[in-house]
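Asks: This is the structure, below, for whatever I ask next.
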Amino acid sequence: MGKHLTFILGGARSGKSSYAQQMIESSGQSATFVATATASDEEMAARILAHQASRSSIWTTLEAPLSVGAAIAQAQPAAWVLLDCLTLLANNVLFSLPEPVELDVYQAAMDREVAGLLAAYRDHPGHWVIVSNEVGLGLVPPYPLGRLYRDVLGRANQQLAAAADSVLFMVAGIPMRVKG
């Protein structure tokens, strides 16, 4: 099989990350875990440590809260790349912008991130898995910044799903094939 881009969507705690990690670990090949999370508080720091502890020795961790495509392009290539997750990348982009955040500015910044990711994927020799939350199934956020975030992440999800070779939707730990 040639290189392959898998995009995994689902709700919070749907099993996206665990499934992606297990899929890659079953290959036994080298893997880069691209972490977009930042330890903004003690609880998040504990989550990050737990995630790191759950990964086997095949993994190298690359911390990249922004400019993720460029960071991956500069890293030592591995057989697999797991970006976990696009949801936090969209959050990082949003909070890097000056307030008040305008839709077109946020959308352009997120479009640059997605374009950078896809360019890095094209130039990378390995298989990629990108994880993101599906934000189109819940309630409309009651505040403007939440609606802005949902709209921009939703568009980014659509761009990556269109570019992906396969798309999986996770429900209660069970993958459902949407594409590929």
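Asks: At R0 = 35 Å, how high is the FRET efficiency between Ala115 and Ala46 if r is their beta carbon distance? Nearest 0.05 is fine.
Replies: Between Ala115 and Ala46 the formula returns 0.55.
Asks: Sticking with this one: What are the residues whose amide H is under 5 Å from the amide H of Val178, where those residues sit 5 or more places off or on another chain and H is modelled from the backbone?
Replies: Val167, Leu168, Phe169
Asks: I'd like the FRET efficiency for Asp123 and Val171, computed as 1/(1 + (r/R0)^6) with the beta carbon distance as r and R0 of 25 Å, rounded to 0.05.
Replies: On the way: r = 34 Å, r/R0 = 1.34.
Using R0 = 25 Å, I get an efficiency of 0.15.
Asks: Would you be so kind as to identify which of Phe95, Trp80, Gly146 lies farthest towards the positive end of the dipole of segment 34-180, taking Lys and Arg as +1 and Asp and Glu as -1 on Cβ and the Cα centre as origin?
Replies: Trp80
Asks: Which whole-Hz couplings ³J(HN,Hα) result when phi for each residue of segment 13-18 is put into the Karplus expression 6.51 cos²θ - 1.76 cosθ + 1.60, θ = phi - 60°, listed in order with x for Gly and Pro?
Replies: Karplus-based 3J(HN,Hα) across segment 13-18 equals 6, 8, x, 4, 5, 4 Hz.
Asks: In debye, nearest 20, what is the charge dipole magnitude of segment 41-143 about its Cα centre with +1 on Lys and Arg Cβ and -1 on Asp and Glu Cβ, if you could check?
Replies: For segment 41-143, the charge dipole is close to 440 debye.
Asks: If you don't mind, there's one more thing I want to ask. With semi-axes √(5λ) of the Cα gyration tensor in Å defined as stated, name the option among [x] 47, 22, 18; [y] 29, 19, 14; [z] 24, 18, 18 computed from the structure displayed.
Replies: It is the one labelled [z].
Asks: Run the dipole for the chain about the Cα centre, Lys and Arg Cβ at +1, Asp and Glu Cβ at -1, nothing else charged, and hand back the magnitude in debye, nearest 20.
Replies: Dipole size: approximately 560 debye.
Asks: Same structure again: With a/c under 1.5 counting as rounded, go ahead and sort segment 24-76 into rounded, prolate or oblate using the C-alpha gyration tensor (a ≥ b ≥ c being the square roots of the eigenvalues; past the cut-off, prolate if a/b is larger than b/c, else oblate).
Replies: Judged from the Cα gyration tensor, segment 24-76 comes out oblate (a/c at least 1.5, b/c at or above a/b).
Asks: Work out how much length Thr60 to Ala12 would gain on full extension: take 0.36 nm times their residue separation and subtract the Cα-Cα distance, in nm to one decimal. Can you show the working numbers first?
Replies: Numbers: separation 48, 0.36 × 48 = 17.28 nm, distance 2.47 nm.
Full extension from Thr60 to Ala12 adds 14.8 nm.
Asks: What net charge is computed for the residues neighbouring Glu134, neighbours being all others with C-beta under 14 Å from the C-beta of Glu134, Lys and Arg scored +1, Asp and Glu -1?
Replies: Result for the local shell: +4.
Asks: Counting Lys and Arg as +1 and Asp and Glu as -1, what is the net charge of the other residues whose Cβ lies under 15 Å from the Cβ of Gln21?
Replies: Residues near Gln21 contribute +2 overall.
Asks: Can you show me the helix-derived [θ] at 222 nm for the chain, built from DSSP H runs with n ≥ 4 at -39,500 (n - 2.57) apiece and divided by the number of residues, rounded to the nearest 500. Each step should come with its number before you reach the end.
Replies: Numbers: 6 runs with 81 residues, N = 180.
Result for the chain: -14500 deg cm²/dmol, rounded to the nearest 500.
Asks: Mind checking which of Ser40, Ser57, Ser18 has the largest fluctuation in a GNM of the chain, springs on alpha carbons under 10 Å?
Replies: Ser40
Asks: Could the peptides 99-111, 77-89, 146-158 be put in order, highest first, of the mean number of other beta-carbon atoms found within 10 Å of their residues?
Replies: For the peptides 99-111, 77-89, 146-158, the packing ranking is 77-89, 146-158, 99-111.
Asks: So what J values fall out for segment 153-161 if you push phi through Karplus, 6.51 cos²θ - 1.76 cosθ + 1.60 with θ = phi - 60°, rounded to Hz, Gly and Pro as x?
Replies: Taking θ as phi minus 60°, the curve returns 5, x, 5, 4, 4, 5, 4, 6, 5 Hz for segment 153-161.
Asks: Restricting to the chain, compute how many DSSP beta bridges are antiparallel as a %, nearest 5.
Replies: About 15 percent, rounded to the nearest 5.
Every number in this text was worked out from the coordinates using simple rules, so none of it is lab data. Every value quoted in this text rests on a predicted model; they were computed, and no experiment measured them. Cβ coordinates were reconstructed from backbone atoms using ideal geometry, including for glycine residues, and neighbour counts include every protein chain displayed.
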